[in-house]
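Taking it in order: structure first as structure tokens, then the write-up.
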Amino acid sequence: MQKIGLLIETNADGVKPALNGVITAARGPEHELYGLVFDGKGAAYTDELQDYGIHKIVNVQSAEGLLSWNPDNWARAIVQVMEQLGINILLGLTTSQTKDVFPRIAAILDAPLLLDCIGVDLETLTAEKSQYSGKTVATFKLRGAHYLFGIRPNVITAHPAPVTAEVLSLQAQIGDASLRVEAVKKDYAGTMDLSEAQIIIAGGRGMQNGENYRILHECADVLGAAVGASRVAVDAGWVPHSMQVGQTGTTVSPILYIACGISGSVQHFAGMKTSGVLVAINTDPQAAMMQHCDYGIVGDLFNIVPLLTRQLKTTLNPE
Amino acid sequence: MKIYVCVKHVPDTAAKITIIANNQIDEKVTFIINPYDENAIEAAAGLKKQVADAEIVAVTLGKAAAESTLQSALAMGADRGLFVHSDYHPDSLVTARALKAAIELDGKPDIIFSGNESIDSEGFQTMFRLGAALKVPVASNVVAFKMEGRFVTVECKMDAGSIGVIRMPLPCIVGAGKALNKPRYPTLPDIMKARKKPIRTITLDSLDLDSPAGSMEVVELRPAFEKRRGKIIGGPPEKAVQELVELLRAEAKVI
Ligand SMILES: Cc1cc2nc3c(=O)[nH]c(=O)nc-3n(C[C@H](O)[C@H](O)[C@H](O)COP(=O)(O)OP(=O)(O)OC[C@H]3O[C@@H](n4cnc5c(N)ncnc54)[C@H](O)[C@@H]3O)c2cc1C
Ligand SMILES: Nc1ncnc2c1ncn2[C@@H]1O[C@H](COP(=O)(O)O)[C@@H](O)[C@H]1O
């Protein structure tokens, strides 16, 4: 029996939906899946987690109770849980949180770690990931006593495989943390995280100013999408860096990416190349984004985007 | 105060990548200093202005050509270079061990800056391994930095527009995010002056490192193919948009 741990990330609506793909990838005939939950609400997630094949839901706590966010404490707690339960493979989504916790665990265990994987094979302990600005795909072979993988959200299609899950609690002995988290504050009003969004509509230099992003937000509201941007828009101060997609911004892989007034530089593609369906709206038919899209409309985004919003409203909410 | 900055020599993002021997790239392309490491240097240069007696040492592990990245770091404000010369590209478990050994051989760091990620291998981890090896705290994806006495307060970008405020004692490692600062463009005099700054070279072999408990090896590298439909929808805008929505629904099935 291979014991596999999954870091269960949650939001206000419950388990992050993109995790279902990761759980799907973790399953195997001889695999026992442990979902590690930090907010103490493991029992409440039972239905969602057992539907995709999690066998044991582990509420991870300290002697004092819940472990509030501290990447150092979380890493040490997970290492203890892995040791207590005999887990030697750990998976999660590639999010800011895993990027902060998994490398700490890998460092403690002196174990190999691959983040932002676009495919993983737990039988051969190999995984694929993009390298060199998305221009290549590398297959890695991992060796060691423990293995850690972070999967890029939305790249693995989720399939339910119901089991009956059991809920347990484990207490980790947390000593003194090497660092203190003084506060967690909101940077901007958005609540949807770009990297996990199923649909993204993004604007570039063609948007002309920050104000104009309103038309993207209106379209996003109809689609339940998040709004992204190119670096030009960020550098010009139109939108915050947290909205930047690309090499030096966020890497995303939504099922639908709509690029408005974005030329399609190598560095922008580096951050969204593995998106499912790519739509380009651009005045220039020669733009790289137009040349490498699934569907393109040559036209002025200020004309096309509001029309698109209206059409989506009638198609998606017919009344 | 001794400030170390880890910088990596990486292919330019715009470079055309050619795969050789099934798992490597042809390195006859333009290489640059890793863009995040420019933010790390900039943060170090900013800190040097605030504290007395500070020295910035840029450290890299790489093949012979990586010396040019040390030159870039020197032009951007580092005072000295520390070059761990290697004839292959080790994984991050070995890299972190080597950086630790080289830094300890060179001096006693008060603070180490690194980038948040290297844009070629996109590991997101070398600084955490270095921190564990040196037994010092690490914060990464840092977008704001402040030092008061022997304590550092940083803001780290988290998910969904949240920022974590972290306080840690020196010595520590700070992984620079892109939003931390705007790296300077070195002027011609900066570049000329950099040529006169000292670089100390150590070979990876001479460091006599213990072997890690695990490893990561690229067994195959292939070009990323893009299979896109490439359908350009013409006609009047209203009709084109109508057709697009229909295609997204019926053909692509994504809405
Ligand atoms: C080290 C490095 C890292 C980088 N990292 C990133 C990154 O993370 N993300 C990123 O995006 N870039 C990044 N860049 C920058 C990148 O090289 C490009 O400069 C940038 O992506 C271009 O942004 P853009 O497409 O919005 O602008 P442009 O290239 O100027 O394109 C604007 C497009 O809008 C179209 N347009 C104009 N008006 C309209 C209109 N009214 N309607 C419709 N279309 C219109 C134009 O035809 C054009 O195609 C990086 C560069 C470097 C060197
Ligand atoms: N070979 C190297 N030499 C010096 N610093 C490195 C090297 N590799 C990685 N680093 C540092 O570690 C950071 C993260 O790299 P990575 O873990 O590869 O994403 C980089 O931004 C550098 O600051």
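The values are calculated or read from the model by the stated rules, or taken from the named source; none is laboratory data. Small disclaimer: the values here were computed from a predicted structure and weren't measured. Neighbour counts are summed over all protein chains in view; Cβ atoms, including those assigned to glycine, are modelled from backbone coordinates with ideal geometry. Areas reflect the complete protein model, heavy atoms only, side chains present, ligands, DNA and RNA absent. Shrake-Rupley method; radii C 1.70, N 1.55, O 1.52, S 1.80 Å.
Side notes on the structure shown:
- Eligible lysines near A:Lys141 by straight Cα distance, threshold 17 Å, same-chain separation 8 or greater: A:Lys129
- Two-decimal ratio, the protein assembly as shown, of alpha-carbon radius of gyration to 2.2 N^0.38 Å: 0.96
- Share of Cα-Cα pairs in segment B:52-138 lying beyond 16 Å, as whole percent: 55
- Among A:Phe149, A:Phe269, A:Phe140, the largest mean-square fluctuation in a Gaussian network model of chain A (Cα springs under 10 Å) belongs to A:Phe140.
- Share, in percent, of DSSP beta bridges within chain B that are antiparallel, nearest 5: 40
- Entry note, segment A:96-161: relative contact order of 34 percent, from Cα contacts under 8 Å with a spacing of 6+ residues.
- Of the DSSP H helices in chain B, those whose Cα atoms cover at least 30 Å axially and whose Kyte score averages 0.5 or more: none
- Among B:Pro212, B:Pro186, B:Pro169: highest mean-square fluctuation, GNM of chain B, C-alpha pairs under 10 Å: B:Pro212
- Theoretical ellipticity at 222 nm over chain A - DSSP helices of four or more residues, -39500 (n - 2.57) apiece, nearest 500: -7500 deg cm²/dmol
- Helical runs assigned H by DSSP (4 residues or longer) give chain B a calculated mean residue ellipticity at 222 nm of -8000 deg cm²/dmol, each run adding -39500 (n - 2.57) before division by the residue total.
- Solvent-accessible area per residue, Å², over the protein assembly as shown with all protein chains present [probe radius 1.4 Å]: 40
- Dipole magnitude of segment A:157-297 about its Cα centre (Cβ charges: Lys, Arg +1; Asp, Glu -1), debye to nearest 20: 240
- Each peptide in A:104-113, B:159-168 gets a packing score, the mean of other Cβ atoms within 10 Å over its residues, and the list from highest to lowest is A:104-113, B:159-168.
- Gyration tensor (alpha-carbon) shape descriptor, segment A:202-319, a/c threshold 1.5: rounded
- With both labels modelled 7 Å from their Cα along Cα-to-Cβ, the A:Arg310 to B:Asp208 distance reads 7.8 nm.
- Cα-centred dipole magnitude for segment A:69-175, charges only on beta-carbon of K, R (+1) and D, E (-1), debye, nearest 20: 300
- Candidates A:Lys273, A:Lys185, A:Lys129: whichever shows maximal mean-square fluctuation once chain A is modelled as a Gaussian network with Cα springs under 10 Å: A:Lys185
- Once the Kirkwood radius over Cα pairs is known for segment B:193-255, the Stokes-Einstein relation at 37 °C and 0.692 mPa s delivers a diffusion coefficient of 173 µm²/s.
- Shape class for chain A: prolate, because the ratio a/c of the largest to smallest gyration tensor axis (alpha-carbon atoms, square roots of eigenvalues) is 1.5 or more and a/b beats b/c.
- When you restrict to C-alpha pairs under 8 Å that are six or more residues apart and normalise by the size of chain A, the relative contact order lands at 15 percent.
- Taking N as its residue count, the alpha carbon Rg of chain B over 2.2 N^0.38 Å: 1.20
- Pairing chains A and B buries close to 7100 square angstrom of accessible surface in total, based on protein heavy atoms and a 1.4 angstrom probe.
- Complex-versus-alone comparison for segment A:241-260, residues with a loss of 50 Å² or more in accessible area, probe 1.4 Å: A:His241, A:Gln247, A:Thr248
- Of all accessible heavy-atom area on the protein assembly as shown, the percent that carbon and sulfur account for (1.4 Å): 50
- Over segment A:47-178, the fraction of Cα-Cα pairs per 10 Å bin, rounded to whole percents and listed from the shortest bin up, is 11, 37, 38, 13, 1.
- When the Cα gyration tensor is reduced to axis lengths a ≥ b ≥ c, the ratio a/c stays below 1.5 for segment A:50-106, which is therefore classed as rounded.
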